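A.B. asks: Provided herewith is a single structure, encoded as structure tokens, for subsequent inquiry.
The values are calculated or read from the model by the stated rules, or taken from the named source; none is laboratory data. Treat the numbers as computed from the prediction; the structure is a model and nothing was measured. In this analysis, Cβ positions are derived from the backbone assuming ideal geometry, glycine residues included, and neighbour counts consider all displayed protein chains. These area figures cover heavy atoms from the full protein model, side chains too; ligands, DNA and RNA do not enter into them. Shrake-Rupley method; radii C 1.70, N 1.55, O 1.52, S 1.80 Å.
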Amino acid sequence: MELGARLTAVARITAKGENIADIGTDHGYIPVWLIKNGKRGRIAASDIGEGPLMSAKRTAEKEGLENSIEFILADGLCGLDGSFDTFVIAGMGGDTIIHILDTAPFSLEKKRLVLQPQTRLDKLLKWLYHSGLAIIDAALAKEAGRLYTVFEAGYSGESRDISDAEAYGIYFLKGDPLFAEYKAQLIRKLSASIAGLETGKETDVDKTSELKNLLCEVEKCC
């Protein structure tokens, strides 16, 4: 099975797990890819909607794997048991991912989380670290001209606040081949936000200063 760059990055990090549940599975591509690439643990495809779950079943059926994957109708992690060691949550907004993790019916202390947020990366990373989780692995993927961030998080036992630069993944991603492009993109975004604030009718001095400090830290990062 051929996956796009985004899901390939997600699947490769996910493959380090044993018993894996793909939350919000949609078409079920990741569970099928995992089995076709040698995973033999417990693999589940979960979704809140019956339509996406049926789509995932059809994907598995095309590959002859419908009996190798568990299909679970569930809202986030509710309805799943704690025997899975790895949870994949990809293609959702950062706020939605936070809600799913925050309402988990079991402890995440011994779990691997493979996360690919579409929005609010900064808010998600701040929440993870404040909740005693930390980034273990990170990767960038480029698809259709857009850069995506993929993270593996695990329990560290240390709750701490991280800087805004850390919250944008700067220090987690700096070894990635796509980092220079990611950094340049972030610099353009921050510069545009600063320019917008400075030319607005009511200048937010504190916010402008905050963004300038963040921009400076990003520019200094190798």
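A.B. asks: Under the √(5λ) rule applied to the eigenvalues of the Cα gyration tensor, what semi-axes describe the equivalent ellipsoid of the chain? Give them in Å, descending.
C.D. replies: Each semi-axis is the square root of five times an eigenvalue, giving 34, 18, 16 Å.
A.B. asks: Based only on Cα atoms, what mean projected area does the convex hull of region 139-213 have, in nm²?
C.D. replies: So the mean shadow area of the Cα hull is 6.7 nm².
A.B. asks: Going through the cross-link list K36/K62; K126/K207; K126/K174, which pairs have a Cα-Cα distance over 20 Å in this structure?
C.D. replies: none
A.B. asks: Could you check how much of the accessible area of the chain is carbon and sulfur, as a whole percent, using a 1.4 Å probe?
C.D. replies: After summing per-atom areas, the C and S share lands at 48 percent.
A.B. asks: Most fluctuating residue of K174, K212, K183 in a GNM of the chain with Cα springs under 10 Å: which is it?
C.D. replies: K212
A.B. asks: Would you calculate the convex hull of the Cα atoms in region 114-166 and tell me its volume per residue in Å³?
C.D. replies: Hull volume normalised by residue count: 72 Å³.
A.B. asks: Another question about this same structure. For the chain, set up a Gaussian network in which alpha carbons nearer than 10 Å are linked by springs, and say which option among A21, A180, A167 fluctuates the most.
C.D. replies: With Cα springs under 10 Å in the chain, the top fluctuation among A21, A180, A167 is at A180.
A.B. asks: Another question, then. For the full complex of protein chains and a 1.4 angstrom probe, list D85, D26, D47 by accessible area with the highest value first.
C.D. replies: Most to least solvent-accessible, the answer reads D26, D85, D47.
A.B. asks: Another question, if that's okay. Please get the size of the charge dipole for region 1-129, origin at its Cα centre, with Cβ charges of +1 on Lys and Arg and -1 on Asp and Glu, quoted in debye to the nearest 20.
C.D. replies: 500 debye
A.B. asks: Here is a follow-up. Using +1 at the C-beta of Lys and Arg and -1 at the C-beta of Asp and Glu, which of F172, Q118, A141 has the Cα lying farthest in the positive direction of the dipole of the chain?
C.D. replies: Farthest along the dipole direction, towards plus: A141.
A.B. asks: Mind checking the angle between helix 5-14 and the chain's longest principal axis? C-alpha axes, 0 to 90 degrees, to the nearest 10.
C.D. replies: Value to nearest ten degrees: 70.
A.B. asks: Turning to a different aspect of this structure: Assigning unit charges at the beta carbon (Lys, Arg +1; Asp, Glu -1) and nothing else, what dipole magnitude in debye, to the nearest 20, does region 146-222 show about its Cα centre?
C.D. replies: The dipole of region 146-222 has a size of about 320 debye.
A.B. asks: Whole-Hz Karplus ³J(HN,Hα) for region 176-192, in order, using 6.51 cos²θ - 1.76 cosθ + 1.60 and θ = phi - 60°, x for Gly and Pro?
C.D. replies: Each residue's phi maps through the Karplus curve to give 6, x, 9, 4, 4, 5, 5, 4, 5, 5, 5, 4, 4, 5, 5, 4, 5 Hz.
A.B. asks: Can you give me the long-range amide H partners of R112? Hydrogens built in the peptide plane at 1.01 Å from N, cutoff under 5 Å, separation of 5 or more residues or another chain.
C.D. replies: T86, F87
A.B. asks: Okay, next question. What figure, in Å² to the nearest 10, do you get for the accessible area of I48 with a 1.4 Å probe and non-protein molecules left out?
C.D. replies: Around 120 Å² of this residue is reachable by solvent.
A.B. asks: Right, another one. Before I look further, what does the chain give for accessible area per residue, probe 1.4 Å, in whole square angstrom?
C.D. replies: On a per-residue basis, the chain sits at 49 Å².
A.B. asks: Applying the Karplus parametrisation 6.51 cos²θ - 1.76 cosθ + 1.60 with θ = phi - 60° to the phi angles of region 159-170, what ³J(HN,Hα) value in whole Hz is obtained for each residue in order, glycine and proline being reported as x?
C.D. replies: Per residue, the Karplus-derived 3J(HN,Hα) values read 8, 8, 8, 10, 6, 4, 5, 4, 5, 9, x, 3 Hz.
A.B. asks: Mind listing the phi-derived Karplus ³J(HN,Hα) values for region 95-107, rounded to whole Hz, using 6.51, -1.76 and 1.60 with θ = phi - 60°, and x for any glycine or proline?
C.D. replies: These are the phi-based 3J(HN,Hα) values: 5, 5, 4, 4, 4, 4, 6, 5, 9, 4, x, 9, 5 Hz.
A.B. asks: Any of K16/K142; K189/K220; K123/K212; K16/K110; K111/K142; K16/K220 with alpha carbons more than 24 Å apart? Name them for me.
C.D. replies: Among K16/K142; K189/K220; K123/K212; K16/K110; K111/K142; K16/K220, the Cα-Cα distance tops 24 Å for K111/K142; K16/K220.
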